[in-house]
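The values are calculated or read from the model by the stated rules, or taken from the named source; none is laboratory data. This structure is a prediction, so every number in the text was calculated from the model and none was measured. Positions of Cβ are generated from backbone atoms using ideal geometry, with glycine treated the same way; all protein chains shown enter the neighbour counts. In case anyone asks, the SASA skips ligands and DNA or RNA and just uses the protein heavy atoms, side chains included. Shrake-Rupley method; radii C 1.70, N 1.55, O 1.52, S 1.80 Å.
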Amino acid sequence: MPVPADPTVLNPLPGQPRLVLLRPLVTSPLIEVGEFSYYDDPDDATSFETRNVLYHYGPEKLVIGRFCALGTGVRFLMNGANHRMDGPSTFPFPSMGGSWADHFDLLTGLPNRGDTVVGHDVWFGYGATVLPGVRIGNGAIVGAGSVVTGDVPDYGIVGGNPARLLRTRYDARDVARLLDVAWWDWPLEHITAHVRTIMSGSVDDLVAAAPPKP
């Protein structure tokens, strides 16, 4: 019988510490990651929480779905990166201490776009940056070096700075069918039996391979 991969193993590729599964790695309650989503970095992939999720002081969350591929240097900027822009200076004086800290109320009420949410089966190219509060749809592709400032539709391909929609991978009808079949939610045993269809089959093939709905 085919054996599914193990979603609890930190390094799924023997001898390749540069690739880590994120779900068994992350410890922050503000970061949620689905099974098999991974990060690849030749320097220190295990430092993802501190090197790749920046200005994350809460309470907003970073949510990443299942089966996402994150290339080296992908970074998520969270709402803590925001500064005041309604006065002459953007400098955060109260953060520096001393009596300046008495003015900490000036740092409350900063713009907050809420959680950053990444769907399932999303591929991030090398060095992509995602700004706070962005929502990236299922099956999307984010090009290398992109700066994602706005939401990305399901199965959209974006690139550039700021990132813009280049095209969609499928037409609207097939996108709806793919979202309905939601292969990432299939039981692991069923995914294992249909890996080739998931990776290289047509939408019709994938729909035909779907398990019966309860």
| field | Tally, over the stretch 13-43, of residues that are part of a loop (DSSP other than H, G, I, E, B) and either open to solvent by less than 60 Å² (accessible area, probe 1.4 Å) or in contact (Cβ under 8 Å) with a residue 60 or more places away in the chain (or both) | value | 11
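Checking the conditions here, which among Thr197, Thr149 is among the hydroxyl-bearing types (Ser, Thr, Tyr) and within 30 Å of Tyr57 (Cα to Cα)? Outline the logic, then answer.
Working: Thr197 fails: within 30 Å of Tyr57 (Cα to Cα).
Result: Thr149 is the single residue among Thr197, Thr149 that is among the hydroxyl-bearing types (Ser, Thr, Tyr) and within 30 Å of Tyr57 (Cα to Cα).
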| request: Among the residues of the stretch 154-187, write down those that are part of a loop (DSSP other than H, G, I, E, B), buried (at least 17 other Cβ atoms within 10 Å of the Cβ), on the phi < 0 side of the Ramachandran plot and of a type outside the set (A, V, I, L, M, F, W, C). | output: Asp154
| Is there a residue being more than 30 Å from Trp184 (Cβ to Cβ) and not in a loop (DSSP other than H, G, I, E, B) anywhere in the stretch 109-123? | no
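Against the definition (surrounded by 14 or more Cβ atoms within 10 Å (Cβ to Cβ) and outside any loop (DSSP other than H, G, I, E, B)), how does Pro94 come out, yes or no?
yes
Kindly provide the set of residues from the stretch 188-214 that are surrounded by 12 or more Cβ atoms within 10 Å (Cβ to Cβ) and among the hydrophobic types (A, V, I, L, M, F, W, C), ordered by number. Steps first, answer last, please.
From the stretch 188-214, those surrounded by 12 or more Cβ atoms within 10 Å (Cβ to Cβ) are 188-195, 197-198, 201, 203, 205-211; that's our starting set.
Hits for the stretch 188-214 are Leu188, Ile191, Ala193, Val195, Ile198, Val203, Leu206, Val207, Ala208, Ala209, Ala210.
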| note | Taking the stretch 79-113 and keeping only residues that are polar (S, T, N, Q), in contact (Cβ under 8 Å) with a residue 12 or more places away in the chain and in contact with a Lys or Arg (Cβ under 7 Å, 6 or more places away or on another chain), one is left with Asn79
